[in-house]
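J.: Below: one structure in structure tokens.
The values are calculated or read from the model by the stated rules, or taken from the named source; none is laboratory data. Quantities reported herein were computed from a predicted structural model and do not represent experimental measurements. FYI the Cβ positions are ideal-geometry reconstructions off the backbone, even for glycines, and counts take in every protein chain you see.
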Amino acid sequence: MALNARLCAALQRMRRRFEADGRCQAMCLWGSAASGAADEHSDLDVSVVLADEAYDPFVAGLKSLCEEVCGPIEAWLPEGQATGFCNWAFLYRDGDDVLLVDLLTVSASEFERRRMDGGCCLFDRRQDRRQPAAPAFAPGAEPSRLSDLVQRYWVYAYLNGKYARRGDVFKLLYVQHVLMETHMAVLGYVHSFSDWGWWARDAQRLAPSHRADILRYFPAAEPSAVVAALLPEAAAFGRDAREACKRWSVPYPEHTERAVLEHLRRVPGAGCTGTAR
């Protein structure tokens, strides 16, 4: 099964626009679309490498550019923002669909400093097209940090025993999450993926026995249970977020909520109840 046809069309429009912009040195495709594993539910993951001096002016106008190229934007979320680096996750409307794009902007010097894997190259106008050498192990996998991770795991495992005796479910869930993320970080020392670091993706790369080990941290890891909770949890969040925004005089993104609820109501099994009203 292939990537959503509307996302494919958006990718081609984005590529033409970036390739015509002299500030854009290269553009790459990532994720399932790059690996050939995309299906109709996949999102679009792309990156653009920018000349250092052009980075800030480019990202200043990026939202307007993406809206022009893709369609009306319903949500705009900068993630991991740093000097010369940011992933812009945005939801946009295309007809009756609301679609997700992860667009990573990175300056040329930051691309080299981070020794980034180029992904699947769509165009590259740089004179030096050599890719930096990939790390021998996951980013940040230093021996001293491994020792800290192991110690962290066992300290938190001890806490699990204490909270289990108390029957404190919220603290148990918190500790389970810490233990799972620590376990995944340690597995980064076992595997050589240069982009290791997002556990929800990385867990799917593991052998079946290792995936089963990770799922043990989520004893109720049933998709049907998650689906049943989608609308009720969104309703509760909407209620509380409105109250927080009201108290702090922050505009509440009504259009973002409507777009996401529209998407969630189409999930089989989610039903039509539990709106945020």
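J.: Taking the residues in the stretch 136-187 that are touching a His at 6+ places or on another chain (Cβ under 9 Å) and modelled with pLDDT under 75 as candidates, determine which candidate is surrounded by the most Cβ atoms within 10 Å (Cβ to Cβ).
T.: Among residues in the stretch 136-187 that are touching a His at 6+ places or on another chain (Cβ under 9 Å) and modelled with pLDDT under 75, the one surrounded by the most Cβ atoms within 10 Å (Cβ to Cβ) is ALA138.
J.: Against the definition (free of Cβ contacts under 8 Å to residues at least 40 places away in the same chain, of a type in the set (A, V, I, L, M, F, W, C), surrounded by 12 or more Cβ atoms within 10 Å (Cβ to Cβ) and more than 16 Å from GLN204 (Cα to Cα)), how does LEU11 come out, yes or no? Talk me through it step by step, then tell me what you get.
T.: Details: free of Cβ contacts under 8 Å to residues at least 40 places away in the same chain: yes; of a type in the set (A, V, I, L, M, F, W, C): yes; surrounded by 12 or more Cβ atoms within 10 Å (Cβ to Cβ): yes; more than 16 Å from GLN204 (Cα to Cα): yes.
Against the criterion (free of Cβ contacts under 8 Å to residues at least 40 places away in the same chain, of a type in the set (A, V, I, L, M, F, W, C), surrounded by 12 or more Cβ atoms within 10 Å (Cβ to Cβ) and more than 16 Å from GLN204 (Cα to Cα)), LEU11 qualifies.
J.: Say whether the condition of being at pLDDT 95 or above and out of contact with any Phe, Trp or Tyr (no Cβ under 9 Å at 6 or more places or on another chain) is met by at least one residue in the stretch 34-53.
T.: yes
J.: Take GLN25 and tell me if it is under 14 Å from LEU122 (Cα atoms) and in a helix (DSSP H, G or I).
T.: Considered against the rule, which asks whether it is under 14 Å from LEU122 (Cα atoms) and in a helix (DSSP H, G or I), GLN25 comes out as no.
J.: How do the pairs read when you match residues in the stretch 100-126 that are at negative phi with residues anywhere that are assigned to a helix (DSSP H, G or I), using Cβ under 6 Å and keeping only pairs 6 or more apart or on different chains?
T.: Close Cβ pairs (under 6 Å, with a partner that is assigned to a helix (DSSP H, G or I)) amount to THR105/VAL59; SER107/ASP52; SER107/TYR55; ALA108/ASP52; SER109/ASP52; CYS120/ALA34; LEU122/ARG15; PHE123/GLU19.
J.: Among ALA203, ALA220, ALA234, ALA225, which is the only one that is assigned to a helix (DSSP H, G or I) and free of Cβ contacts under 8 Å to residues at least 12 places away in the same chain?
T.: Working: ALA203 fails: free of Cβ contacts under 8 Å to residues at least 12 places away in the same chain; ALA220 fails: assigned to a helix (DSSP H, G or I); ALA234 fails: free of Cβ contacts under 8 Å to residues at least 12 places away in the same chain.
So the residue among ALA203, ALA220, ALA234, ALA225 that is assigned to a helix (DSSP H, G or I) and free of Cβ contacts under 8 Å to residues at least 12 places away in the same chain is ALA225.
J.: Now a separate question. Which residue is surrounded by the fewest Cβ atoms within 10 Å (Cβ to Cβ), if the candidates are limited to the stretch 72-81 and must be under 16 Å from the mean Cα position of the chain (by Cα) and more than 14 Å from HIS263 (Cα to Cα)?
T.: Applying the first criterion (under 16 Å from the mean Cα position of the chain (by Cα)) to the stretch 72-81 yields 75-81.
Imposing the further condition that a residue be more than 14 Å from HIS263 (Cα to Cα) reduces the set to 76-81.
On the way: TRP76: 16, LEU77: 11, PRO78: 14, GLU79: 10, GLY80: 8, GLN81: 11.
Filtering the stretch 72-81 for residues that are under 16 Å from the mean Cα position of the chain (by Cα) and more than 14 Å from HIS263 (Cα to Cα), the one surrounded by the fewest Cβ atoms within 10 Å (Cβ to Cβ) comes out as GLY80.
J.: Specify the residue that is modelled with the lowest pLDDT; the eligible residues are those in the stretch 229-241 that are surrounded by 15 or more Cβ atoms within 10 Å (Cβ to Cβ) and closer than 11 Å to LEU264 by Cα.
T.: LEU230
J.: Pull up the stretch 111-130, narrow it to residues that are crowded, with 19+ Cβ neighbours inside 10 Å and over 15 Å from GLU19 (Cα atoms), then point me to the one that is modelled with the highest pLDDT.
T.: PHE111
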